[in-house]
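The values are calculated or read from the model by the stated rules, or taken from the named source; none is laboratory data. All figures in this text were calculated on a predicted structure; none of them were measured in a lab. In this analysis, Cβ positions are derived from the backbone assuming ideal geometry, glycine residues included, and neighbour counts consider all displayed protein chains.
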Amino acid sequence: MLKKKTIIDLFSGCGGLSQGFIDAGYDIALGIDNWEDAIATFKKNHKNSIGIVADLFKTTPADIKEQTKITDVDIIVGGPPCQGFSIAGKRFIDDERNKLYKSFVDFVDFYKPKAFLLENVPNIISMGKGVFKDSILEDFEKIGYTVNYKVLMASDFGVPQNRKRAFFIGIKNGKKFEFPEPLKEQKITSEEAISDLPDLSIDDNSKYPLPCKSEYQKIIRNGTKRLFNHQLTNHKEKTVEIISMVPDGGNYKNLPEHLKDTRKVNIAWTRLNSKKPSFTIDTGHRHHFHYKFNRVPTVRESARIQSFPDDFIFLGSKTSQYKQVGNAVPPLLAKYLAIELKKYIDV
């Protein structure tokens, strides 16, 4: 029997990337993040993994090796924040704010895994006329990796959400990773994702009140019989009244003139479109609403749209749970990348 591949997930958040790799048959040895709530959720759901709250500004790979005794790593994955990418000059790595990105590079250099996956915002590739992208390629090629990159749309890989993310994947053995092609199946709609979840707050660990209504729901329930993280948000009466004027798939443009400017953002009063994948799930601000019910989606509905299985349980306050879901990489997208990656590191 082949040994499962061992992963370290840096800037892991609650573990969306990790979940995708687990579903593809990998072992997650370790997740590191500086947010306690996210690591609590990570440990709850990845019971065979170590979860560490650590600031990667200050914590070195040698510190982690000493603390965990992890010495053999096949793949390092993660999404380091890159706010400090400045277009002044050709290099950005010395910017104080880019120490987190540099930390990711240092971990790869220290453990020398067979491969790495770095995830980030799509415009990381075009910003500064490609300066950042070129720097990332150069940094990893310098330590022995052949790197390819691509912006992927989550809805092309079975996720009911039009979410774009950039991925850089490097291989140690000199092979160049080729990204998987989009699935040929029809895209999963918001309705297919969440129509079995009612307009009722459900106590955690209660039985599902409704049967599955789509193949996606059957898969996402993952054999579990109990529902978690489906508590409704109570909106003000005026908010509910305004939402009720917006049709399925509509937004502020559907409102009467005197109400169009009640929220000063162009995504205000936007409803999911029941017949299309969702727009990008965010970290919990209240401008996006259910396609049918006059409220924001619950944490579980948001997690469904991100492709988290229903047996993945989020801990912390409701605000924290929304943020954990919104910050995550969709597990199903991660799974397709993880499956493809096996072709390059099993040899």
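Data table
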| item | result |
| --- | --- |
| Test: residue in the range 273-280 that is aromatic (Phe, Trp, Tyr), closer than 19 Å to Gln161 by Cβ and within 22 Å of the chain's Cα centre (by Cα) | yes |
| One residue from Ser49, Ser18 being at pLDDT 95 or above, in contact with a Lys or Arg (Cβ under 9 Å, 6 or more places away or on another chain) and among the hydroxyl-bearing types (Ser, Thr, Tyr) | Ser49 |
| Output for the range 296-345, where each listed residue is among the acidic types (Asp, Glu) and either without any contact (Cβ under 8 Å) to a residue 24 or more places away in the chain or in the same structural domain as Pro160 (by TED's automatic domain parsing) (or both) | Glu340 |
| Filter result (surrounded by 14 or more Cβ atoms within 10 Å (Cβ to Cβ) and at pLDDT below 90) within the range 254-269 | Leu259, Lys260, Arg263, Ile267, Ala268, Trp269 |
| Hits in the range 16-51 (condition: touching a strand residue (DSSP E or B) at 6+ places or on another chain (Cβ under 6 Å) and assigned to a loop (DSSP other than H, G, I, E, B)) | Tyr26, His46, Ser49 |
| Sole residue being farther than 21 Å from Lys187 by Cβ and crowded, with 24+ Cβ neighbours inside 10 Å, chosen from Phe314, Phe308 | Phe314 |
| Test: residue in the range 140-156 that is part of a helix (DSSP H, G or I), surrounded by fewer than 16 Cβ atoms within 10 Å (Cβ to Cβ) and of a type outside the set (S, T, N, Q) | yes |
| Leading residue by the ranking (farthest from Gly128 (Cα to Cα)) among those in the range 73-109 that are at pLDDT 90 or above and of a type in the set (A, V, I, L, M, F, W, C) | Val73 |
| Considering residues of the range 243-266 that are more than 15 Å from Phe289 (Cα to Cα) and assigned to a loop (DSSP other than H, G, I, E, B) only, the residue nearest to the chain's Cα centre (by Cα) | Lys264 |
| Residues of the range 274-299 satisfying the condition of being hydroxyl-bearing (Ser, Thr, Tyr) and over 15 Å from Ser244 (Cα atoms) | Ser274, Ser278, Thr280, Thr283, Thr298 |
| Qualifying residue in the range 122-137 (condition: in contact (Cβ under 8 Å) with a residue 40 or more places away in the chain, outside any helix (DSSP H, G or I) and under 25 Å from Tyr216 (Cβ atoms)) | no |
